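First comes the structure, then the notes that go with it.
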Amino acid sequence: MTEEELNLTGQDSDGGSEEVVLTPAELIEKLEQAWMNEKFAPDLLESKPEIVECVMEQLDHMEENLRRAKKGDLKISIHRMEMERIRYVLSSYLRCRLMKIEKFFPHFLEKEKTRREEEPSILSPGEFAFAKEYMANTETYLKNVALKHMPPNLQKVDLLRAVPKPDLDSYVFLRVKERQENILVEPETDEQRDYVIDLEEGSQHLIRYKTIAPLVASGAIQLI
């Protein structure tokens, strides 16, 4: 992989766009972090289409370099294995997101509908189109298979109520990348009270996801 720099466009804290220059190694690290967080988070995280696009472009660039390399060069097989590893991580990341969309699609579409303009989207344009089509197909299937055979007053179904929400109370393992102070932890029983903890850099914890969800989004912690 050549150490050329790649431009990654994202959103800054004010909702505007900012351009971050990354090396290929830094780009793959970003992809792996997004993959791990998506894999272990119970909720659908912010869409990262700029990372996906840059990784796909980098894979095309690596493929072109391999075609120009001399046959028999040992580096070819090493770079080929690295490309397959990157493709696996990328496809696993996208597949994980699609599985969550299929499982919780009404809630993600509702969240997208009520999202403020300055807030980042949890769905890429392609994922949004997929979720809408999946919802339409689900409604059509339910109507043709079951609802049309039921009494008129039972021929409607509220998918927002029928489909369960992501379990934000589930527990996740995490590694702290940036020290965090005064994290409010909600009680698990009525007998307990709220309490505050500090998360030291490099420490690992098992904690309820909704407590640290904003820290996952900011990149201050890494799910493991």
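The loop-placed GluC sites (Glu not before Pro) in region 125-224, going by DSSP, that have at most 13 neighbouring Cβ atoms within 10 Å of their Cβ come out as GLU178, GLU188, GLU191, GLU200, GLU201. Heavy atoms of the protein chains alone define the surface here; on that basis the chain has 65 Å² accessible area per residue at 1.4 Å probe size. A run of the chain free of exposed loop cleavage sites, with trypsin sites (Lys or Arg not before Pro) counted only in DSSP states other than H, G, I, E and B and at most 14 other beta carbons within 10 Å, reaches its longest extent at 1-69.
Look at the Cα gyration tensor of region 146-186: its axes a ≥ b ≥ c give a/c of at least 1.5 with a/b over b/c, and that counts as prolate. Basic side chains Lys and Arg get +1 at the Cβ, acidic Asp and Glu get -1 at the Cβ, and with that the dipole of region 69-137 about its Cα centre reaches some 420 debye. With a 1.4 Å probe rolled over the protein heavy atoms of all chains, the accessible area of VAL21, VAL216 falls in the order VAL21, VAL216, largest first. What you get for region 27-171, charging only the Cβ of Lys and Arg (+1) and of Asp and Glu (-1), is a dipole of about 540 debye around the Cα centre. Out of the total accessible area of region 156-224 (probe 1.4 Å, heavy atoms of protein only), what percent is carbon and sulfur? Using a 1.4 Å probe with all protein chains present, region 156-224 comes out at 48 percent carbon and sulfur. For region 160-175, putting each phi into the Karplus relation 6.51 cos²θ - 1.76 cosθ + 1.60 with θ = phi - 60° gives couplings of 4, 8, 7, 8, x, 7, x, 7, 6, 8, 5, 9, 9, 8, 8, 10 Hz, in residue order, rounded to whole numbers and with x for Gly and Pro. Of the solvent-accessible surface of region 76-155, computed with a 1.4 Å probe over protein heavy atoms with every protein chain present, carbon and sulfur atoms account for 60 percent. Residues whose amide H falls under 5 Å from that of VAL20, counting only those 5 or more places apart or on a different chain, are LEU8, THR9, GLY10, with hydrogens built in the peptide plane.
Taking 0.36 nm per residue of separation and subtracting the current Cα-Cα distance, fully stretching the chain between VAL20 and ARG115 would add 31.7 nm.
Using the Cβ-Cβ distance between PHE173 and ASP198 with R0 set to 22 Å, the FRET efficiency works out to roughly 0.75.
The values are calculated or read from the model by the stated rules, or taken from the named source; none is laboratory data. Keep in mind that what you see is a predicted model, and the values were worked out from it rather than measured. Don't worry about glycine lacking a Cβ; one is built from the backbone with ideal geometry, like all the others, and counts go over all protein chains shown. Keep in mind that these areas ignore ligands, DNA and RNA; they rest on the heavy atoms of the full protein, side chains included. Shrake-Rupley method; radii C 1.70, N 1.55, O 1.52, S 1.80 Å.
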